[in-house]
Amino acid sequence: MLIKKRMKVKLFILITIPFLIVLTGCGEFKDIDKMVFVSMIGIDETDDPEKPYKIILKLYVPTSSFRQNPTPEYTYLSKNGKTLAETISILESHLDKELDFGHSKLIVVGEKILQNDNYKEILDFLIRRPDIQMISYFAVGRPNAEEIIKFLPAGETALQPTIFNYFDNNGAESSYIISTFLFDFRRRLKEEGIDPILPIVEMNEPKTHFIINKSIVLADNRPPYELDTDKTLLFKTLSMNAKTIFFAVKREGEYFVSRIDSIKSKYNVNVENNKASIKIEMKLAGMITESKNTLSSKELSRYSKMLDEEMKEKVSEFIHEMKREGYDPFGFGLKYYAHTLPKNRMTHEEWLEAYKNADVEVVVKSNLKSTGSIQ
């Protein structure tokens with residue numbers, strides 16, 4: 001019995017050794033002191049046709065103690081170039097360490113880049129490069145990416161850039177902030193029936209903090225279309241499941257603000273004889289947090305009906321605006337393709353025409369539970 005066990009062990013060793021010999025690591029290992037980590041990537045468009053791209057890299061500066069160095073320290077690399085890959089390669093020659101993009105969480109492109117199709121070339125490069133995370137946030141910088149990348153808001157600590165908190169829901173949970181990942185931006189750009197939407201990052205007038213409450217929609221053969229603060233809120237309410245929103249109602253001599261903390265929305269797309277119809281259903285629940293007039297809890301049903309009418313009107317106007325301008329950030333077309341057999345589907349051009357002339361029905365059912373009165 002013992003001899004058999006020894007024979008099995010020897011046989012296992014003989015089989016395993018050849019595999020261990022040819023086994024190689026996943027890459028060349030380098031000590032951490034031989035690497036520098038990229039925090040953010042900024043890409044702007046220049047006025048030089050020979051070198052149309054400007055890349056700005058925000059680099060972490062290593063510190064031995066956050067207590068001793070509470071103020072964040074960064075260094076920056078910037079270079080104009082003909083291609084992105086070549087420009088980054090040149091920037092690597094400016095350091096004695098290897099650039100590591102694995103910890104980069106945000107990519108900012110200047111607003112000027114969106115005016116042409118250069119952002120598609122940028123996206124292609126970012127997707128192909130293996131060390132850039134697909135879960136990086138993608139945003140538009142106003143007036144340009146360089147100012148956003150280099151801006152250091154008041155109160156920022158050395159732990160991480162403040163701007164990350166706007167997108168990852170660890171800090172701000174505003175209903176006006178849209179978070180777009182790199183992989184989702186590419187999916188929406190390549191997929192027919194849905195258009196990508198990106199947040200716009202700005203700075204306030206004294207330049208003390210960021211402002212992120214607008215967005216921009218992109219579509220083929222159309223210029224970028226900006227959504228203001230109210231439309232960005234409606235988009236997130238309809239398609240991104242905002243946790244809480246504050247919605248103002250001004251009707252029948254009343255003016256109050258409702259805090260809606262339960263939002264459920266769905267939509268259906270039907271096409272008959274090349275005629276499209278879109279039905280949107282919303283269920284809202286919350287309470288009134290502010291009012292210009294004295295409110296009575298006995299009239300909550302009337303206030304809820306007023307909220308229904310106000311939300312229905314705003315959503316209908318927004319959807320009709322998107323149809324008229326030819327943008328579909330909600331994915332109505334994707335919904336149609338997903339629920340229609342391939343042999344019965346319209347072509348993409350036929351769907352765009354049907355979408356532009358589609359009938360829209362919005363149904364809102366809300367339930368305000370309290371007037372927020374103090375007794």
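The values are calculated or read from the model by the stated rules, or taken from the named source; none is laboratory data. Just so it is clear, the structure is predicted and the values come from calculations on it, not from any experiment. Counting neighbours? That spans all protein chains shown, and the Cβs are built from the backbone with ideal geometry, glycine included. Heavy atoms of the whole protein, side chains included, go into the accessibility calculation; ligands, DNA and RNA do not. Shrake-Rupley method; radii C 1.70, N 1.55, O 1.52, S 1.80 Å.
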ask   = How many of the residues making up the range 119-170 are of a type in the set (D, E, K, R), closer than 16 Å to T208 by Cβ and open to solvent by 50 Å² or more (accessible area, probe 1.4 Å)?
value = 2
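Do you know which residues across the range 332-375 are part of a helix (DSSP H, G or I), among the hydrophobic types (A, V, I, L, M, F, W, C) and farther than 15 Å from S316 by Cα?
Scanning the range 332-375 gives L334, A338, W351, L352, A354.
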ask   = In this structure, does K58 turn out to be of a type in the set (D, E, K, R), assigned to a helix (DSSP H, G or I) and either at pLDDT 65 or above or open to solvent by 50 Å² or more (accessible area, probe 1.4 Å) (or both)?
value = no
ask   = Which helices (runs of 4 or more DSSP H) sit wholly inside the range 81-154 and have at least 1 residues that are without any contact (Cβ under 8 Å) to a residue 60 or more places away in the chain and of a type in the set (K, R)?
value = 118-128
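Each row is one residue, and each column tells you yes or no for (1) within 23 Å of I216 (Cα to Cα); (2) open to solvent by 10 Å² or more (accessible area, probe 1.4 Å); (3) of a type in the set (A, V, I, L, M, F, W, C); (4) out of contact with any Asp or Glu (no Cβ under 6 Å at 6 or more places or on another chain).
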site	(1), (2), (3), (4)
K283	no, yes, no, yes
K298	no, yes, no, yes
M306	no, no, yes, yes
G326	yes, yes, no, yes
L334	yes, yes, yes, yes
H339	no, yes, no, yes
D359	no, yes, no, yes
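Are any residues in the range 271-301 part of a helix (DSSP H, G or I) and either in contact (Cβ under 8 Å) with a residue 24 or more places away in the chain or of a type in the set (S, T, N, Q) (or both), and if so, which ones?
Listed by number, the residues that qualify are S297, L300, S301.
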ask   = Looking at this structure, is I200 without any contact (Cβ under 8 Å) to a residue 12 or more places away in the chain and either at positive phi or in a strand (DSSP E or B) (or both)?
value = no
remark   = Those residues of the range 214-248 that are in a strand (DSSP E or B) and open to solvent by less than 40 Å² (accessible area, probe 1.4 Å) come to a total of 9
